[in-house]
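Here is the structure we will look at, set down as structure tokens.
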């Protein structure tokens, strides 16, 4: 077995941090066993000595004396500050959708947002899920970040669609549900799309103005290359294996199907060529409709257009890791170390790129991944931006507190972001909350990447930061999919949720509730310092109407910051009581399923929406 000193040297060489943080801010040494497992996960042999750097990931070179690559920033932002709306696309209700928000809803919302003076619409990741297992619905655990989610296709917008009374009854049931019925939605949409696919094939030489241009589809397939073909093949196999009881994810499949380049998979592809092409067609439809929504956003006057989110990793058993196994860490998953809000740490069960592969080649995996979103967007948000410098990897089968931080080639990744953002004229936002590596915010700012500022996180020992203390190069918001609305935060609903679901023990919950009392006082002080009028009777048990007034004040506060972008969360405007997602839960809460309580067609009748968007127009008027 390798000696301790040699093991430590090899670990350092390959970017494994010797310590990790603890909930009480101590640095805890990483064990020798963890170092061995992480090195193995990085495909580093434990034989020989650590005297060579052969195979090591490229070390980040600090840009000393040279120009730092800077990501794209639209010219119009040099003289103005803008605002937009943020939402989960699936949560939209409408009188016409099929029980899940879709790309037609997105186009309609763009018209509404444009009429209200907004400049962007921020969305959850639109990455491809497991179509064969639709209840596996977290947009942050996608099957592939290279491809789109076909469940967002507006089937009634596909040429040739004709409904019937039986279908309409099912659609009405799906629309009425307060939670997205992913299984029902997938069954209904895919059934209708299969029928449309059969018609489309038969009418390929028909009227192109009605049945769309087959040459465009062929060009899309050619451009998609092996990546699209393998993804479609995976989807086809996934349905077949799921029907056989082997599951939708490849890790439970028979061994001969676990690699894309096996003889068994080649035979399957020959036998199911039509099915593979169907899944390519679904990707084409999703691409066409998302492009139409992006065009509609621009026509509606949204100067930034769509703003898309990127997940930090992919499912360990999905299309991406099956299609390109050699570029992913295979024996460890992405997570986070123990902290005050998750005392045991977290294992997100996500596959990450290998540090040695992420930036390699002419069209690197990272470049392909960010470009897949940038082609539709005026802005992207990188979920967990610290990943450009390091990821916390948890060895398979171990607890999160047995993980370790691993260094990534930050300099090269920032260069890739700058190159891709210039090509696509796409602004980059980096979400970095919790434990942020020293100097990272400065590096991101120097690279022209906007930081992501959530009101409840912008505090120091003296309380909430003043509005004028927010950075210019930032997006400011009240909350995200991982948080309660402002009203829920004020009531402490987020603290109660963490206690009820066993994420935080009762004694710590009491501490958090006491701390929230102080935070409420601090928030009121910050609002007063910004010259905002607070509603009367603003106590911990304030009425719904009082909290709606507070929500308006909160949005005025972040609108008065110097930050270039401000996002208004749609769930705040419809006063949702149920959170989108409770981090740390899986089966105990229906994460990623709650719909908005108001129809898209009725949004303009919401007094809170009118008040908040009116405040945004006053604070951030269009030039």
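The values are calculated or read from the model by the stated rules, or taken from the named source; none is laboratory data. Here the structure is a predicted model, which is why all the values come from computation and not from measurement. All Cβ positions, glycine included, derive from the backbone under ideal geometry; neighbour counts span all protein chains shown.
Is it true that some residue in segment 388-402 is modelled with pLDDT of 95 or more, surrounded by 24 or more Cβ atoms within 10 Å (Cβ to Cβ), under 26 Å from residue 149 (Cα atoms) and in contact with a helix residue (DSSP H, G or I) (Cβ under 9 Å, 6 or more places away or on another chain)? So far as segment 388-402 goes, yes, one or more of its residues are modelled with pLDDT of 95 or more, surrounded by 24 or more Cβ atoms within 10 Å (Cβ to Cβ), under 26 Å from residue 149 (Cα atoms) and in contact with a helix residue (DSSP H, G or I) (Cβ under 9 Å, 6 or more places away or on another chain).
Checked against (1) modelled with pLDDT of 95 or more; (2) assigned to a helix (DSSP H, G or I); (3) more than 28 Å from the chain's Cα centre (by Cα), residue 223 meets all criteria but (3). The criterion of being surrounded by 24 or more Cβ atoms within 10 Å (Cβ to Cβ) and at pLDDT 95 or above does not hold for residue 301.
Taken across segment 596-606, residues that are outside any strand (DSSP E or B) and in contact with a strand residue (DSSP E or B) (Cβ under 6 Å, 6 or more places away or on another chain) do occur, with at least one present. Restricting attention to segment 504-516, does a residue exist that is within 23 Å of residue 140 (Cα to Cα), surrounded by 14 or more Cβ atoms within 10 Å (Cβ to Cβ) and within 30 Å of the chain's Cα centre (by Cα)? Checked segment 504-516: at least one residue is within 23 Å of residue 140 (Cα to Cα), surrounded by 14 or more Cβ atoms within 10 Å (Cβ to Cβ) and within 30 Å of the chain's Cα centre (by Cα).
With respect to being closer than 24 Å to residue 85 by Cα and either surrounded by fewer than 21 Cβ atoms within 10 Å (Cβ to Cβ) or over 26 Å from the mean Cα position of the chain (by Cα) (or both), residue 561 falls outside the description. Between 114, 99, which is outside the structural domain of residue 187 (by TED's automatic domain parsing), assigned to a loop (DSSP other than H, G, I, E, B), farther than 27 Å from residue 201 by Cα and touching a helix residue (DSSP H, G or I) at 6+ places or on another chain (Cβ under 9 Å)? Result: 99 is the single residue among 114, 99 that is outside the structural domain of residue 187 (by TED's automatic domain parsing), assigned to a loop (DSSP other than H, G, I, E, B), farther than 27 Å from residue 201 by Cα and touching a helix residue (DSSP H, G or I) at 6+ places or on another chain (Cβ under 9 Å). Of all residues in segment 471-482, those that are modelled with pLDDT of 95 or more, touching a helix residue (DSSP H, G or I) at 6+ places or on another chain (Cβ under 8 Å) and crowded, with 16+ Cβ neighbours inside 10 Å total 4.
Kindly indicate whether any position in segment 259-269 is in contact (Cβ under 8 Å) with a residue 40 or more places away in the chain, in contact with a helix residue (DSSP H, G or I) (Cβ under 9 Å, 6 or more places away or on another chain) and either in a helix (DSSP H, G or I) or more than 29 Å from residue 88 (Cβ to Cβ) (or both). For segment 259-269, residues in contact (Cβ under 8 Å) with a residue 40 or more places away in the chain, in contact with a helix residue (DSSP H, G or I) (Cβ under 9 Å, 6 or more places away or on another chain) and either in a helix (DSSP H, G or I) or more than 29 Å from residue 88 (Cβ to Cβ) (or both): present.
Taken together, 553, 543, 586 contain a single residue that is within 21 Å of residue 459 (Cα to Cα) and without any contact (Cβ under 8 Å) to a residue 40 or more places away in the chain, which is 553. Of the strands (runs of 3 or more DSSP E) lying entirely inside segment 377-449, those containing at least 3 residues that are within 18 Å of residue 476 (Cα to Cα) are 379-382, 427-430.
Being assigned to a helix (DSSP H, G or I) and surrounded by 17 or more Cβ atoms within 10 Å (Cβ to Cβ) is the filter here; which residues of segment 612-623 pass it? Those that are assigned to a helix (DSSP H, G or I) and surrounded by 17 or more Cβ atoms within 10 Å (Cβ to Cβ): 612, 613, 615, 616, 619. Regarding segment 335-351, can at least one residue be identified that is over 16 Å from the mean Cα position of the chain (by Cα) and modelled with pLDDT of 95 or more? Within segment 335-351, none of the residues are over 16 Å from the mean Cα position of the chain (by Cα) and modelled with pLDDT of 95 or more.
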